[in-house]
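Here the structure comes first, spelled out in structure tokens, and everything after it is commentary.
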Amino acid sequence: MLTYALVIYFIFIFQNTPYFMELYGVKPNFLYIIAVAVAMYEGEFAGGIFGFFIGILCDYASYHGFGFNTILLLTGCTAIGLAVSFYMKNSILNAHIFSILLLSLRGFLEYYFVYEIWDYTDKSLIMGKHIVPEIVYSVLFTFPIFWLFGKINNYYKQKYDPE
């Protein structure tokens, strides 16, 4: 768990570094992908706890009202952990599906509550040039993040559960 926290902390710093991995004004959201990976490997309780703390980090670095990402990641990671524990396999395909769903939910809620509800002008440009490219760009990193957290999880399982 401490290893997860350290990786999350360093990725949070890199994600919020100006111009780091920025492509045409769009930056990937690594923390949401990490939250999905932790929820898939650790289950509903640890996934919800890590989702809560990752959500606090996302809220700290965003311009939304505080609690938007926290509530979304707490409920989303708990649901993902439950789905993987009882209904689905822990696979890279499911990680991509969950990442797309969680990032899309975040993007569309952000679009509605920040831009649509206040009737911004040219709000379709925001969806097409910011929110959808961020979802696509973030999902490209699902495989390496899922692989990294899988290696960390397997290392500690072998070390502390020698069955």
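The numbers here are math on the coordinates, done by the rules we state, and not lab data. Computed from a predicted model, the values in this text were never measured in an experiment. Because the Cβ atoms are built from the backbone with ideal geometry, glycine has one as well, and the counts that use them run over all protein chains shown.
Things worth noting here:
- Protection-proxy order for peptides 72-79, 85-92, each taking the mean of Cβ atoms within 10 Å per residue, highest first: 72-79, 85-92
- 222 nm mean residue ellipticity, helices alone, for the chain (DSSP H n ≥ 4; -39,500 (n - 2.57); rounded to 500): -22500 deg cm²/dmol
- Pairs of Lys residues in the range 79-163 that lie 8 or more places apart, or on two chains, and have C-alpha atoms under 30 angstrom apart add up to 4.
- Sites residue 24 and residue 92 - FRET efficiency at Förster radius 25 Å, r taken between beta-carbons, to 0.05: 0.40
- Between helix 68-86 and the chain: long-axis angle, C-alpha atoms, 0 to 90°, nearest 10: 40 degrees
- Each of the peptides 38-44, 112-118, 54-60 was scored by the mean count of other Cβ atoms within 10 Å over its residues; in descending order, highest first, they stand as 38-44, 54-60, 112-118.
- Label-point separation in nm, residue 147 to residue 120, each point 7 Å along Cα→Cβ: 3.5 nm
- With an a/c value of 1.5 or above and a/b not larger than b/c for the gyration tensor axes a ≥ b ≥ c computed over the alpha-carbon atoms, the range 20-103 is described as oblate.
- Förster radius 45 Å - calculated FRET efficiency between residue 136 and residue 160, Cβ distance, rounded to 0.05: 0.75
- Mean separation of Cα contacts under 8 Å (6+ apart) over length of the chain, as relative contact order %: 26 percent
- Equivalent-ellipsoid semi-axes of the range 28-160, from the Cα gyration tensor, Å, largest first: 28, 15, 12
- Residue 16 long-range amide H proximity, modeled H, under 5 Å: none
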